[in-house]
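Comments concern the structure below.
The values are calculated or read from the model by the stated rules, or taken from the named source; none is laboratory data. Bear in mind that the values here come from a model prediction, so they are computed numbers and not experimental data. Note that each Cβ is placed from the backbone with ideal geometry, even for glycine, and that neighbours are counted across all protein chains shown.
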């Protein structure tokens, strides 16, 4: 009898454990894991100071070390390691500051929002340009002007389009840590095979279309080859609107211009590639991202950012490609800027120390280290003549993209609605055969409703 | 000892017993009140506020409710999609799993092997299964190759949602089969013997013995199926993100989109949708109970 009881109690216990495990899947997916990686600073500093003190040189060991919490997303282990090595260098130079690096895996924006809502956000953190309007308007960021002046850092040291992107009401709220623009990636071997000249920075829309026509080869239905990738992606399409002399939003983001003649004209040009079967979206060939399709040689040309370079090196080392700035349209040149800043929380208790961390991470020496490791482009104008850019034509083309007609990837507080509107505006043309004008008019109406609701 | 003292002692003992019981319950009650009762209460409160996580919640009265009940995405996409999903997935998965359970209840060769095979998808992470299905249903994927089709399953407005339904049916059928199997083995063999003496054939004994005896199990399977289907989220999050053109946007996905994904966070409206979803599920479960159990009350 006793045995049965104990067996039963084990069963009951087990079932309780199992029941406790059965959390809804959704919560499990969106839950984020925050790892705390203590940068191994403490020991080193102590070792250094003991070494120094045996030599009887007076050293000032700070009585109390200020702790600065710093967060960013962890896009790759090697990039995290790079940041950690920079932070280590910082800790050696600044023994009075203890930087606690807390990379966030999973959904970064969601983690930041919940941390801010509960008042537990880090002192220093990454901020993507697309959410900057929301963050700056809600007053969760610290204005940096006084801190910048205290160390002689000037906004003029940085590429204008970048620092302007992180300015609001005349104040700077973030120092751009790196950036990307879109470049026209082209497969050299496919151009050679088709007997075409390589694209140049002087190309126009007509050249692009002619090349796409010549490069398309649909003879093998299992492996169709298209001239240009034209995804229904709000991170690619806007450059065509700029090149057509138009804009996505008006100057103060209070209205959308997606139904303007310039935007509709750009949409007609963009979607004509797929309609005329000289271009396709990555979904048409069963991929989620056109970078993969480009690597496989099924798209001869794609508009992508510098992030494609390490991916190709890694996954498709044999591909022979180069990059030029996007061809100009009837309205001149146009490009998108994707950038991320280091910003300080408005609740930060030690703004001076937090600023010293940012200042160090964005100074010339640190940016040179990052540039030479091939991860990101520097935001300081002074580095535009660096040797790395002179010898890496692909990165140099992405860097040049920030100067002519480039606009930050930022559409005000309703950015996600604007991006949805653009993506679905193109998808309706692709999947339902709607006209660009009708489809964009519908998107514009939805965006206006979202703007109205956000007030 | 006086009666008074005795009574006092008894009272004392009863109180200390209660104290022990409560102390055993305390850890669970703490978790329950913090993460369930408080969370539900706070959701109700949030539904009457405007809250973007960056600024403290601001009282908004019924404005959030009004906006949700006028929202195109919620009314014309999420709600119809979710009902369509429930109406298709629940009957299909119930029938398939019942048939499978019936087959697995027979004295087949390799019965254990088949049972394991059918149950396997249920113990696999739904995210992993979704990723495998993305690959199977890609334009150059196995499904198109095997059947000689040229369908872009997940990027076509008419096929994306059915594909997600297939994934869900594939994943849940195993568990439901197991539940039915347990129910089947609970039916006394004497009933079947009696039926066969009365001249019932296999199909008749299935229809007139098995199904009526399984009524409580069917109720359980359909109810949990309905609740699960109304909350469908993970496959959509992984496979389509609500696209193409919102054709796979469900109520649960709208909650996530408004609460976390948009740049203008609408926590209040997301809370409204969460409450509406809960009420829908409650009403439908109640109706189901009436229908399934109600028709069988005559013997009580």
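Overview of values
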quantity: Hits in segment A:435-455 (condition: surrounded by fewer than 19 Cβ atoms within 10 Å (Cβ to Cβ) and more than 9 Å from chain B (Cβ to nearest Cβ)); calculated: A:435, A:437, A:438, A:441, A:442, A:445, A:448, A:452, A:455
quantity: In segment A:368-379, the residues that are surrounded by 20 or more Cβ atoms within 10 Å (Cβ to Cβ), touching a helix residue (DSSP H, G or I) at 6+ places or on another chain (Cβ under 6 Å) and either not in a loop (DSSP other than H, G, I, E, B) or not assigned by TED's automatic domain parsing to the domain that holds residue A:83 (or both); calculated: A:371, A:377
quantity: Count of residues meeting criterion [within 12 Å of chain A (Cβ to nearest Cβ), free of Cβ contacts under 8 Å to residues at least 60 places away in the same chain and under 27 Å from the mean Cα position of the chain (by Cα)] in segment B:58-69; calculated: 0
quantity: Matching residues, segment B:137-147, being farther than 13 Å from residue A:283 by Cα and within 11 Å of chain A (Cβ to nearest Cβ); calculated: B:144, B:145
quantity: Elements of type strands (runs of 3 or more DSSP E) contained in segment A:57-139, each with 2 or more residues being within 14 Å of chain B (Cβ to nearest Cβ), touching a strand residue (DSSP E or B) at 6+ places or on another chain (Cβ under 9 Å) and within 18 Å of residue A:359 (Cβ to Cβ); calculated: A:124-128
quantity: Residue count, segment B:142-157 (criterion: within 30 Å of residue B:246 (Cβ to Cβ), without any contact (Cβ under 8 Å) to a residue 12 or more places away in the chain and in a loop (DSSP other than H, G, I, E, B)); calculated: 2
quantity: Subset of segment B:194-213 (residues that are within 13 Å of residue B:99 (Cα to Cα) and either surrounded by 14 or more Cβ atoms within 10 Å (Cβ to Cβ) or within 28 Å of the chain's Cα centre (by Cα) (or both)); calculated: B:206, B:207, B:210, B:211
quantity: Condition broken by residue A:233, with the remaining ones in (1) more than 26 Å from residue A:440 (Cβ to Cβ); (2) modelled with pLDDT under 95 satisfied; calculated: (1)
quantity: Out of B:24, B:32, sole residue that is part of a helix (DSSP H, G or I), within 14 Å of another protein chain (Cβ to nearest Cβ) and within 25 Å of residue B:234 (Cα to Cα); calculated: B:32
quantity: Lone qualifier among B:48, B:35 - being surrounded by 10 or more Cβ atoms within 10 Å (Cβ to Cβ), within 30 Å of residue B:272 (Cα to Cα), touching a strand residue (DSSP E or B) at 6+ places or on another chain (Cβ under 9 Å) and at pLDDT 90 or above; calculated: B:48
quantity: Filter result for the condition that a residue is within 26 Å of the chain's Cα centre (by Cα), at pLDDT 90 or above, within 14 Å of chain A (Cβ to nearest Cβ) and under 18 Å from residue B:229 (Cα atoms), over B:159, B:163; calculated: B:163
quantity: Matching residues, segment B:106-136, being over 30 Å from residue B:242 (Cβ atoms) and touching a residue at least 60 places away in the same chain (Cβ under 8 Å); calculated: B:115
quantity: Check on residue B:233, surrounded by 20 or more Cβ atoms within 10 Å (Cβ to Cβ) and more than 14 Å from chain A (Cβ to nearest Cβ); calculated: no
quantity: Residue list for segment B:181-193, filter: surrounded by 15 or more Cβ atoms within 10 Å (Cβ to Cβ), within 32 Å of the chain's Cα centre (by Cα) and in a helix (DSSP H, G or I); calculated: B:181, B:183, B:184
quantity: Qualifying residue in segment A:215-234 (condition: part of a helix (DSSP H, G or I) and surrounded by 16 or more Cβ atoms within 10 Å (Cβ to Cβ)); calculated: yes
quantity: Segment B:40-57, residues that are within 12 Å of chain A (Cβ to nearest Cβ) and over 12 Å from residue B:275 (Cβ atoms); calculated: B:50, B:51, B:52, B:53, B:54, B:55, B:56, B:57
quantity: Total residues in segment A:256-299, condition closer than 17 Å to residue A:442 by Cα and touching a helix residue (DSSP H, G or I) at 6+ places or on another chain (Cβ under 7 Å); calculated: 11
quantity: Residue in segment A:418-434 that is part of a helix (DSSP H, G or I), on the phi < 0 side of the Ramachandran plot, more than 14 Å from chain B (Cβ to nearest Cβ) and touching a residue at least 24 places away in the same chain (Cβ under 8 Å) present; calculated: no
quantity: Candidates A:386, A:373, A:393 - the one that is more than 14 Å from chain B (Cβ to nearest Cβ), farther than 18 Å from residue B:245 by Cα and touching a strand residue (DSSP E or B) at 6+ places or on another chain (Cβ under 9 Å); calculated: A:393
quantity: Single unsatisfied condition, residue A:350 versus (1) in contact with a helix residue (DSSP H, G or I) (Cβ under 8 Å, 6 or more places away or on another chain); (2) in contact (Cβ under 8 Å) with a residue 40 or more places away in the chain; (3) surrounded by fewer than 20 Cβ atoms within 10 Å (Cβ to Cβ); calculated: (1)
quantity: Residue tally, condition assigned to a loop (DSSP other than H, G, I, E, B) and touching a residue at least 12 places away in the same chain (Cβ under 8 Å), over segment B:159-180; calculated: 0
quantity: Candidate set: segment B:105-129, residues that are at the interface with another protein chain (Cβ under 10 Å from one of its Cβ atoms) and not in a loop (DSSP other than H, G, I, E, B); chosen: the one surrounded by the fewest Cβ atoms within 10 Å (Cβ to Cβ); calculated: B:127
